[in-house]
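Below you'll find the structure, written out as structure tokens, and then a few comments.
The values are calculated or read from the model by the stated rules, or taken from the named source; none is laboratory data. Just so you know, these numbers come straight off a predicted model, no measurement behind them. Backbone-built Cβ (ideal geometry, glycine too); neighbour counts: all protein chains shown. Protein only, heavy atoms only, side chains kept; ligands, DNA and RNA dropped before computing areas. Shrake-Rupley method; radii C 1.70, N 1.55, O 1.52, S 1.80 Å.
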Amino acid sequence: MNVHDSERLSGLLEEAGFVRATEGTGEGEADIVVFNTCAVRENADNRLYGNLGRLAPIKARRPGMQIAVGGCLAQKDRDTIVKKAPWVDVVFGTHNIGSLPVLLERARVQEEAQVEIAESLEAFPSTLPTRRESAYAAWVSISVGCNNTCTFCIVPALRGKEKDRRPGDILAEVETLVAEGVTEITLLGQNVNAYGSDIGDREAFSKLLRACGKVEGLERVRFTSPHPRDFTDDVISAMAETENVMPQLHMPLQSGSDTVLKAMRRSYRQERYLGIIEKVRAAMPDAAISTDIIVGFPGETEEDFEQTLHVVREARFAQAFTFQYSKRPGTPAAEMDGQVPKAVVQERYERLVALQEEISWEENKKQIGRTLEVLVAEGEGRKDDATRRLSGRAADNRLVHFARPEEPVRPGDVVTVDITYAAPHHLLAESPARGVRRTRAGDAWERRNAAGEKKPAGVMLGLPTVGAPPPLPATPTAGCGCD
């Protein structure tokens, strides 16, 4: 969701007349740097203030340079940011990202820091201009905020209560994107499958999935992140019965212990969670399921942790994003008794990672010999140039590296490949592709590339460099399921 907000920030600044930094722009050469922050884990704070400190002497040498800080950490820290880093020009929150250009101009004219934190949403982010980084895959926000009260999570306090977009507005955006060449969309929400609670329709999310299935030219639909509490049978049916909804599910677990789940206020228990996994697998046998897990939540015993390992063995996740519990000031969990010693958390974390690596590898080996359709991606394979391969995502979101075909292949095109090798985190097709399907998405990428709209180099974490998102949400960054 922060990546999608960054696309909005980029669009706002470009509409205001700013030009993005080009490749090769050095740190400190940009006139404006915007940090769009997260507050889920402690290292976000450390990274922000460390980066701001590094920019301080650069800004001192360039009086016209401006630095802005937005997002969840800005919503949380507010005036603290300019106290710790008085060289920051603008601080804005999660509810008023549309104010950034005005605040930058006001800071320039008044020559003093501008701190503006709205307490409620001013405008749904999707009404703002957007500079999308991908010509073939797009994020579509269907709701913002969260009504849950998980004791470890600061997000509801910073993003506010859930607010849903009207289905017609969502579908209009999807249809516009498809008309522009996009073939894959990812529906976004802090608690995406709770969609409908704000508009009074408990089946609104499954209806939305089915409606996306009727959009001509839309080949792949994904969503992130759901909550087990709201994952109902009608959603499973919609996934299984809607051809362009991909057989992939990211379902946060957090803990396998009923005792810990209760302390987390997660509203489901181990039996309910495994029951959902069983129903999904019955409806979609080839579905790849991933999850989030927190290790070392306050009060977690060895027996509790063993229950988490049990669920991991039973669920056989294709991938798990594992996190050591991070104490966040302002959350109930931060004040709980039984904070687990760091050494114990580390040891449990390593055991969990080792188990999941083994399972991921075993599950990926089952893909050897299969023929898969892969949507060619841009920049997902870091070694592609050295290996003369290309990379992309299969329908179930597994990363696939494949031998470069003789005929031209563009990001957004689809190749059919035979899987010959599996590693824990990727698949490999070493033989030439069976076929290449050139797509409108590839045409759109080619038009953008010909027009010189290549990805800019990153300057720190911000604009004119708000980072380019991967075409799919392959690596959730939050430990709470609020990706």
(request) Please enumerate the residues belonging to the range 237-252 that are farther than 19 Å from Ser290 by Cβ and assigned to a loop (DSSP other than H, G, I, E, B). (result) Thr242, Glu243, Asn244
(message) For the range 320-343: of the residues being farther than 17 Å from Ala263 by Cβ and assigned to a helix (DSSP H, G or I), which is nearest to the chain's Cα centre (by Cα)?
(response) Lys342
(request) Could you figure out which of (1) buried (at least 20 other Cβ atoms within 10 Å of the Cβ); (2) out of contact with any helix residue (DSSP H, G or I) (no Cβ under 6 Å at 6 or more places or on another chain); (3) of a type outside the set (A, V, I, L, M) isn't true of Arg348? (result) (2)
(request) State all residues of the range 102-119 that are open to solvent by 50 Å² or more (accessible area, probe 1.4 Å) and over 23 Å from Arg159 (Cα atoms); if no residue qualifies, say none. (result) Glu105, Arg106, Arg108, Val109, Gln110, Glu111, Glu112
(message) Looking only at residues that are touching a Lys or Arg at 6+ places or on another chain (Cβ under 8 Å) and hydroxyl-bearing (Ser, Thr, Tyr) in the range 147-184, which one is farthest from Ala137 (Cα to Cα)?
(response) Thr151
(request) Can you give me the number of residues within the range 302-331 that are open to solvent by less than 60 Å² (accessible area, probe 1.4 Å) and not hydrophobic (A, V, I, L, M, F, W, C)? (result) 8
(request) Among residues belonging to the range 28-43 that are touching a strand residue (DSSP E or B) at 6+ places or on another chain (Cβ under 6 Å) and of a type outside the set (Ser, Thr, Tyr), point out the one that is most open to solvent (accessible area, probe 1.4 Å). (result) Asn36
(request) Give the number of residues within the range 6-23 that are farther than 22 Å from Asn96 by Cβ, open to solvent by 70 Å² or more (accessible area, probe 1.4 Å) and of a type outside the set (S, T, N, Q). (result) 2
(message) Under 6 Å between Cβ atoms, which residue pairs at least 6 apart in sequence (or on different chains) link something in the range 221-243 that is open to solvent by 40 Å² or more (accessible area, probe 1.4 Å) with a partner that is among the hydrophobic types (A, V, I, L, M, F, W, C) and modelled with pLDDT of 95 or more?
(response) Ala240/Ala283; Ala240/Met284
(request) Mind listing whichever residues of the range 253-276 are open to solvent by 10 Å² or more (accessible area, probe 1.4 Å), part of a helix (DSSP H, G or I) and either over 27 Å from Ile154 (Cα atoms) or not basic (Lys, Arg) (or both)? (result) Asp258, Thr259, Ala263, Gln270, Glu271, Leu274, Gly275
(request) Look at the range 254-286 and say how many of its residues are of a type in the set (Ser, Thr, Tyr) and farther than 17 Å from Leu309 by Cβ. (result) 2
(request) Show the residue pairs that are 6+ apart or on different chains and have beta-carbon atoms under 7 Å apart, the first residue being within the range 154-182 and on the phi > 0 side of the Ramachandran plot, the second being assigned to a helix (DSSP H, G or I) and not hydroxyl-bearing (Ser, Thr, Tyr). (result) Gly181/Arg440; Gly181/Ala441; Gly181/Asp443; Gly181/Ala444
(request) Assess whether Arg202 counts as being open to solvent by 10 Å² or more (accessible area, probe 1.4 Å), under 23 Å from Glu300 (Cα atoms) and modelled with pLDDT under 95. (result) no
(request) Any chance you could count how many residues in the range 156-197 are open to solvent by less than 40 Å² (accessible area, probe 1.4 Å), touching a Gly at 6+ places or on another chain (Cβ under 9 Å), part of a helix (DSSP H, G or I) and closer than 30 Å to Ala334 by Cβ? (result) 3
(request) For the range 87-113, enumerate the residues that are in a loop (DSSP other than H, G, I, E, B), touching a residue at least 40 places away in the same chain (Cβ under 8 Å) and among the aliphatic types (A, V, I, L, M). (result) none
